[in-house]
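The values are calculated or read from the model by the stated rules, or taken from the named source; none is laboratory data. All values reported here derive from a predicted model rather than from experimental measurement. In this analysis, Cβ positions are derived from the backbone assuming ideal geometry, glycine residues included, and neighbour counts consider all displayed protein chains.
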Amino acid sequence: MKKRLLLSLMTVAMISVLVAGASFALFSANTTNGGNTLTAGTVTLGEPRVVNATLDNIAPGDSGDVIDYTVTYTGNLPAWLGVKVWTSGSLFAGTSPATVTVADGNTNTYVASSSIPTNPTVIKKAAGATTAFNNAETVTFDVNYAFPIGAGNEYQGATGTVNLALYAVQSEHNTNSTNDGPISWN
């Protein structure tokens, strides 16, 4: 009987060891996948970002086209495009200065300031619409001037410069609460 009891205890102990060994067994495997590559997107303009045009040798009553300039967005992330337009020089000062009108092919106009604006004006794809630009989309600026017929002799020999500075900044995670431009141009 003792032998049977001892044999039974040994059998229970062996089964316990097997169960414990099986419950602590771990399966493991390793694999490497080298095909996952992350690449940051780009926000770029395809042309020079600053355009300057000089007005000289114009007479009171003259008006016309200063420059037509097309900019292409070449980045691969959707982006807000913006423009700063300003004038400098004696032709744009005084009591009867020349004026500048900048329009784009989308019937939007941009006001030229007598000093460099702090922030760009968002370029709209269509009149009233403010959506981000995608790769290969373009906007053409038509810059025109008018010199008042009443301009006096103080403008003889005066010159002036029209300046356009173009900006692009990603739109994803950078759209303001009214959905009409970026939170930041930086």
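A few points about this structure:
- Residues satisfying the stated conditions in region 50-70, i.e. surrounded by 13 or more Cβ atoms within 10 Å (Cβ to Cβ) and part of a loop (DSSP other than H, G, I, E, B): I58, P60, D62
- Annotation: E137 fulfils all but one of (1) charged (D, E, K, R); (2) closer than 22 Å to T161 by Cα; (3) under 19 Å from the mean Cα position of the chain (by Cα); the unmet one is (2).
- Of everything listed in (1) within 13 Å of the chain's Cα centre (by Cα); (2) farther than 17 Å from V50 by Cα; (3) at pLDDT 90 or above; (4) buried (at least 16 other Cβ atoms within 10 Å of the Cβ), the single unmet condition for L166 is (2).
- Only one of the listed residues (S90, S113) is modelled with pLDDT of 90 or more, farther than 22 Å from S171 by Cα and either touching a strand residue (DSSP E or B) at 6+ places or on another chain (Cβ under 8 Å) or not charged (D, E, K, R) (or both). That residue is S90.
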